[in-house]
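See structure below.
The values are calculated or read from the model by the stated rules, or taken from the named source; none is laboratory data. This structure is a prediction, so every number in the text was calculated from the model and none was measured. With ideal geometry, Cβ positions are generated from the backbone for all residues, glycine too; neighbour counts draw on all protein chains shown. Note: accessible area is taken over every heavy atom of the protein model, side chains too, but ligands, DNA and RNA are not part of it. Shrake-Rupley method; radii C 1.70, N 1.55, O 1.52, S 1.80 Å.
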Amino acid sequence: MNPLSTAPDQSLLDALLDSWDRSNTILVNLLRCLPEGGLQARAMAGSPTVDEMFTHMHHERMISVAEEAPAFAGEVPASEWVPDLDAGHIETLLTDSARIVRAAVRSKVELGEAMELNYDHPILLLQLLMFHEAYHHGQIKLALKAAGTPISDDLAGPLTWDVWRLKH
Ligand code: NI
């Protein structure tokens, strides 16, 4: 059965988009709570720095929309893993790309359109990006630990797990 042949369940779509919003909030919370010098931390020699991982995640979002839903695309960064020691600027990038991904997926689902290249269903792009970003979230935490500036569980808990559990 074509998964797009059934009418979208609006409340389910809203919950999925809410999960994307929460995931981005968690990522921005991580950025905001970085210790001094945290953007330059790396897990080991040859690994990307924290700032490069953040700009890589932004790039992945933007190239994904450009390839899968070009009508909704914004400006794709010319390269990945771009050093950027301005946390405020990275936050602006992430806020913009989260909005662009959200709009693209929402419209594709509501219009009943498939993505251009990959995915059995547009929602799978959201799932892929959340998986990708959780993967790098763990790497960032590891890099901070390796640099001797770990984020404590007491700090991370409310900024991470509590965001998922929050009832509006
Ligand atoms: Ni990656």
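Principal axis extents of the Cα atoms in region 116-168, from largest to smallest and rounded to whole angstrom, are 44, 32, 9.
Toward the positive end of the charge dipole of the chain, with +1 on the Cβ of Lys and Arg and -1 on the Cβ of Asp and Glu, the farthest Cα among Val65, Gln10, Trp164 is that of Trp164. On full extension, the segment bounded by Ala71 and Ser11 gains 19.1 nm, given 0.36 nm per residue less the C-alpha separation.
Just the number please: accessible area per residue for region 7-107, 1.4 Å probe, all protein chains included, in Å².
Values: 4590 Å² over 101 residues.
Value returned for region 7-107: 45 Å² of accessible area per residue.
For the peptides 135-147, 68-80, 155-167, what is the packing order when you average, over each peptide's residues, the other Cβ atoms within 10 Å and list the highest mean first?
Numbers: 135-147: 17.5, 68-80: 14.5, 155-167: 12.4.
By packing density, highest mean first, the sequence is 135-147, 68-80, 155-167.
As a fraction of the 1.4 Å probe accessible area of the chain, surface on carbon and sulfur atoms comes out at 56 percent.
When you count the other C-beta atoms within 10 angstrom of each residue and take the mean per peptide, 23-31, 124-132 line up highest first as 23-31, 124-132. Computed from backbone phi, the HN-Hα couplings of region 129-136 come to 5, 5, 4, 4, 6, 5, 4, 6 Hz, rounded to whole numbers (Karplus: 6.51 cos²θ - 1.76 cosθ + 1.60, θ = phi - 60°; Gly and Pro given as x). Computed from Cα atoms, the angle from the helix 87-111 axis to the main principal axis of the chain rounds to 20 degrees. Classify region 35-85 from the C-alpha gyration tensor, please: rounded if a/c falls under 1.5, else prolate or oblate depending on whether a/b exceeds b/c. Prolate.
Measuring max minus min along each principal axis, the C-alpha atoms of the chain give extents of 52, 39, 26 Å (largest first).
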